[in-house]
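Everything on this sheet refers to the single structure shown next.
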Amino acid sequence: PLTVGSRVVEHGCGIGTLPEQLPPDSFRSYMGYDIGTAAVRQASSRGLANCSFRACSIESWTGEEDPIALIICKEVIYYLSPVSLRAFIARACEALSPTGKLMMTIHDREKHAETLALCLECGAQEVYVGPPVILMIGRSH
């Protein structure tokens, strides 16, 4: 669960609607990344407290300076090649706090069966069979 001091990162943030869906005061900071510069501009213009947005692909993301409580990848991981997905999961797990989690969603289990299998192979656990399928993995998987 998120606590007041938690740091949240979202890949594929779009126009930045997730922070408004989280309980008030449940995180210290939120960083949203998206490859769409127009979406990032729109998200930034919303003026959400404790939220920042940046144009960045998952492949080029290098992590964060401080440990992260929750990294969210909602409907974006199946765009990655198997090599890029493995590398991202490794980077994300290294960036987590000791109790942090990487959460990934896949809406269509059959269409993205290869991505789902690769995530499970990398140590993710299916916590909701969906749709969407929700996968979680911790720092010390």
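The values are calculated or read from the model by the stated rules, or taken from the named source; none is laboratory data. Everything quoted here is computed from the prediction, not taken from an experiment. No Cβ is skipped: glycine too gets one built from the backbone with ideal geometry, and neighbour counts run over all protein chains shown. Accessible surface is based on the protein model in full, side chains and every heavy atom, while ligands, DNA and RNA are left aside. Shrake-Rupley method; radii C 1.70, N 1.55, O 1.52, S 1.80 Å.
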q = 0.17, 0.18 Å⁻¹, the chain: log10 I(q)/I(0) [Debye, one scatterer per Cα]: -0.92, -1.04
Theoretical gain in end-to-end length, E114 to S45 [0.36 nm per residue, Cα-Cα removed]: 21.1 nm
Positive dipole terminus of the chain, leading residue within V40, V133, V83 (C-beta point charges): V40
Charge sum, other residues only, whose C-beta stays under 13 Å from E64's C-beta, Lys/Arg counted +1 and Asp/Glu -1: 0
In sequence order, calculated HN-Hα J values of the range 55-69 (Karplus, 6.51, -1.76, 1.60; Hz; x Gly/Pro): 6, 6, 8, 4, 5, 8, 5, 10, x, 10, 5, 9, x, 10, 7
Amide H contacts of K101 (H built 1.01 Å from N, under 5 Å, at least 5 apart or other chain): L70, I71
Sequence of T3, T99, T105 from largest to smallest accessible area, 1.4 Å probe: T99, T3, T105
Heavy atoms of E64 accessible to a 1.4 Å probe, total area in Å² rounded to 10: 50 Å²
